[in-house]
Amino acid sequence: MAEDFFLSSLGIVANLSSAIFIPIATLILGRKLLKDKKETGKYNIIRLIIFLSFLNFSILAIIEFLLKNTPLIPPFIEELYSAEFGFYNTSVAIRVTLGLTLIFYINRWEILHFSAIFFFIGMLFLYLFTGFSAWLENYTIIAGVASILFLYFTAFRMKDNGALSIAIFFTLTFSIQFISEALVSEIIIISYVAFVVIFSLGLFRPYKQEVNT
Amino acid sequence: MAEIGFLFMELVYFTMGLMTVFTTLKQWKINKNRMLIAVSIYVAAVLVTSIIDISIYLFDFDIDILIAGGLTIGMILGFILFTIQLEFMFYLKDLPKLYTLPFFASFYLAFGKVLVDSTIPFIIYAMIVSYGSAYFLIKDGRKSRNGLAIGMGLFFLIWGLGQTFQLETIIISFRIVAMVALLLGTRGFYEKYVFVNVEEEQKIMGTWIAKLVVKE
């Protein structure tokens, strides 16, 4: 009984902190992005990809909190959320797609810059037109694992703080997909929220020099 | 009898295509312009499909053989041609970031055709590729006074227009007209006869005025 209460309380704390701190971190990253644009006159694509990735995650965190802890979300949205090509799966797929795009940008593989985005949009159109969604899960797993591995590889090779931060963030968020133990997944949520706060405040700097892009 | 007529028209189209390839390659040897080699590759790809068409008229080949679902061999050839056409466009516009787009678009459209037997997505794609390419090439060609770009633009435009009628006679006739437009582009016709050389005109006008002034 006490264990159940502890777990549900931990779940609420994890979801609430996720719904509060990740949007705040996104706002901080957005401000940095705009400041950078003001100074240089153009968007820093790597900052933009990181911001979009966090924005995507913020929206998901807010909806998840509202869905699990409040009666505010109508049932049809709940259905849309958990469908095969629903909001949750699409959101994770967008994040791994952005992860791959980030790798291609950092490594300056120009021909591949938009390839992950084209592949994902193609899959989305295929689903809208034919109802075929069998590739989404496989794509998410393959692209997710590939993007995490490449992000670590790129981060160590280029000594890039952004890539390393995203790699750690992706590892934590992506691992939740495969963990069924409630306690472990709540602890992971709290730890990635803590990491996001540290990262967005610019305190995570294992490498002193920034990579110019 | 109609088949012989189509065969003759296809042979005319093929011969003009060969002439275009030879002209562009000859010019490429002289000025090493990368656009010429890209045009040669594209026209060569068009000629490969023309050879298939000639074989159809000669030996009664059936390219509407189903591979899976609603996907036929003819449609795969169409996708290959559109992929080359789009790649050609992105190459000319120097957009390497978009090089993978035609492959994914063709792949998903082909796979969609396997799942759902509808030609609507293929037609929309074909229209976007043909008219989009034609628009950009003619616009760029006019701006830079490049006859070859105008020729290619007209080729895509007329070729695309012909495809929309879905009538064999019209398709082949439009294809021949399209190839003539391209051939003229490779031979410098548009630079010579279509674009007005402003400097040259002003020179002539200047000489005229000078002569009149001297007379007076």
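The values are calculated or read from the model by the stated rules, or taken from the named source; none is laboratory data. Everything quoted here is computed from the prediction, not taken from an experiment. Counting neighbours? That spans all protein chains shown, and the Cβs are built from the backbone with ideal geometry, glycine included. All accessible areas refer to the heavy atoms of the entire protein, side chains included, with ligands and DNA or RNA removed. Shrake-Rupley method; radii C 1.70, N 1.55, O 1.52, S 1.80 Å.
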* To do: Would you mention how many residues in the range B:111-153 are within 19 Å of B:G78 (Cα to Cα) and either within 15 Å of the chain's Cα centre (by Cα) or basic (K, R) (or both)?
  => 12
* To do: Have a look at B:D94, B:D117 and point out the one that is within 12 Å of another protein chain (Cβ to nearest Cβ), within 29 Å of A:T101 (Cβ to Cβ) and not in a helix (DSSP H, G or I).
  => B:D94
* **Residues of the range B:97-110 satisfying the condition of being at the interface with another protein chain (Cβ under 7 Å from one of its Cβ atoms), closer than 13 Å to B:F79 by Cα and either outside any helix (DSSP H, G or I) or of a type in the set (S, T, Y) (or both)** => B:Y108
* **Identity of the residue in the range B:33-54, open to solvent by less than 20 Å² (accessible area, probe 1.4 Å) and polar (S, T, N, Q), that ends up nearest to B:Q85 (Cα to Cα)** => B:S40
* So is B:T72 among the hydroxyl-bearing types (S, T, Y) and more than 19 Å from the chain's Cα centre (by Cα) or not? -> yes
* Would the range A:152-165 turn up any residue that is hydrophobic (A, V, I, L, M, F, W, C), under 16 Å from the mean Cα position of the chain (by Cα), more than 14 Å from every other protein chain (Cβ to nearest Cβ) and in a helix (DSSP H, G or I)? -> yes
* Asked: Among (1) within 14 Å of chain B (Cβ to nearest Cβ); (2) surrounded by 14 or more Cβ atoms within 10 Å (Cβ to Cβ), which single condition is A:F51 missing?
  -> (1)
* To do: Collect the residues in the range A:130-144 that are open to solvent by less than 60 Å² (accessible area, probe 1.4 Å), in a helix (DSSP H, G or I) and under 25 Å from B:P121 (Cβ atoms), keeping them in residue-number order.
  => A:T130, A:A134, A:L136, A:Y139, A:T140, A:A143
* **Pair list, Cβ under 7 Å, 6 or more apart: the range A:56-67 residue more than 16 Å from A:F174 (Cβ to Cβ), other residue hydrophobic (A, V, I, L, M, F, W, C)** => A:S58/A:I22; A:I62/A:A19; A:I63/A:F87; A:F65/A:L16; A:F65/A:A19; A:L66/A:L72; A:L66/A:I73; A:L67/A:I73
* Which of (1) touching a residue at least 12 places away in the same chain (Cβ under 8 Å); (2) under 30 Å from B:G141 (Cα atoms); (3) within 11 Å of chain A (Cβ to nearest Cβ); (4) hydrophobic (A, V, I, L, M, F, W, C) is the odd one out, the single condition B:M89 does not satisfy? -> (3)
* Structure fact -> Expected output for the range A:112-125 (first residue more than 14 Å from A:S147 (Cβ to Cβ), partner open to solvent by 60 Å² or more (accessible area, probe 1.4 Å) and part of a helix (DSSP H, G or I), Cβ below 7 Å, 6+ apart or cross-chain) is A:H113/B:K97; A:F114/B:K97; A:M123/A:W135
